[in-house]
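Asker: Please see the structure below; I have some questions.
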Amino acid sequence: KPSGKGGKNRRRGKNENESEKRELVFKEDGQEYAQVIKMLGNGRLEAMCFDGVKRLCHIRGKLRKKVWINTSDIILVGLRDYQDNKADVILKYNADEARSLKAYGELPEHGEDHLSPGVQDQPG
């Protein structure tokens with residue numbers, strides 16, 4: 001006799017919007033593209049922004065429940081005027097969108113270049 005849990009249709013409707021094309025979002029004033037370096041858990045991550053600054057980013061609640069962010073993902077962050085080393089994750093680009101951003105020249109062609117540890121031009 002079935003126990004009432006489970007069943008075929010229980011988990012339907014999780015990725016209803018995965019496939020539909022959403023509009024590509026470009027950065028605005030006070031925003032920057034970034035690449036995730038390291039997940040810190042607890043809704044936070046470390047990302048290298050494409051302006052060359054490494055920032056601690058906070059994932060806002062809306063994203064946190066829906067979007068799984070992984071290392072090396074391209075994200076859009078909102079910068080904080082009063083704290084240059086912290087930022088808020090606004091959205092995560094999927095692989096297609098990241099490719100489009102590169103095609104538009106929004107992202108440097110080789111995102112990993114300035115993430116490599118051997119950067120000489122930084123003091124200290």
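The values are calculated or read from the model by the stated rules, or taken from the named source; none is laboratory data. No experiment lies behind these values; they were computed from the predicted model shown. Virtual Cβ from ideal backbone geometry, glycine too; neighbours counted across all protein chains shown.
Asker: For region 38-53, give me each residue that is surrounded by fewer than 17 Cβ atoms within 10 Å (Cβ to Cβ) and touching a Cys at 6+ places or on another chain (Cβ under 8 Å).
Answerer: Matches in region 38-53: 44, 46.
Asker: Counting only residues that are outside any strand (DSSP E or B) and charged (D, E, K, R), which one in region 33-73 is nearest to residue 102 (Cα to Cα)?
Answerer: Among those that are outside any strand (DSSP E or B) and charged (D, E, K, R), it is 73.
Asker: Please work out if residue 86 is exposed (fewer than 13 other Cβ atoms within 10 Å of the Cβ) and either in a strand (DSSP E or B) or modelled with pLDDT under 95 (or both).
Answerer: For residue 86, the condition - exposed (fewer than 13 other Cβ atoms within 10 Å of the Cβ) and either in a strand (DSSP E or B) or modelled with pLDDT under 95 (or both) - is not met.
Asker: Here's another thing I want to ask about it. Condition test on residue 76, is it out of contact with any Gly (no Cβ under 6 Å at 6 or more places or on another chain), outside any loop (DSSP other than H, G, I, E, B), free of Cβ contacts under 8 Å to residues at least 60 places away in the same chain and surrounded by 13 or more Cβ atoms within 10 Å (Cβ to Cβ)?
Answerer: For residue 76, the condition - out of contact with any Gly (no Cβ under 6 Å at 6 or more places or on another chain), outside any loop (DSSP other than H, G, I, E, B), free of Cβ contacts under 8 Å to residues at least 60 places away in the same chain and surrounded by 13 or more Cβ atoms within 10 Å (Cβ to Cβ) - is met.
Asker: Find the residue count for region 70-86, including only residues that are over 11 Å from the mean Cα position of the chain (by Cα) and among the polar types (S, T, N, Q).
Answerer: Going through region 70-86 one residue at a time, the tally reaches 2.
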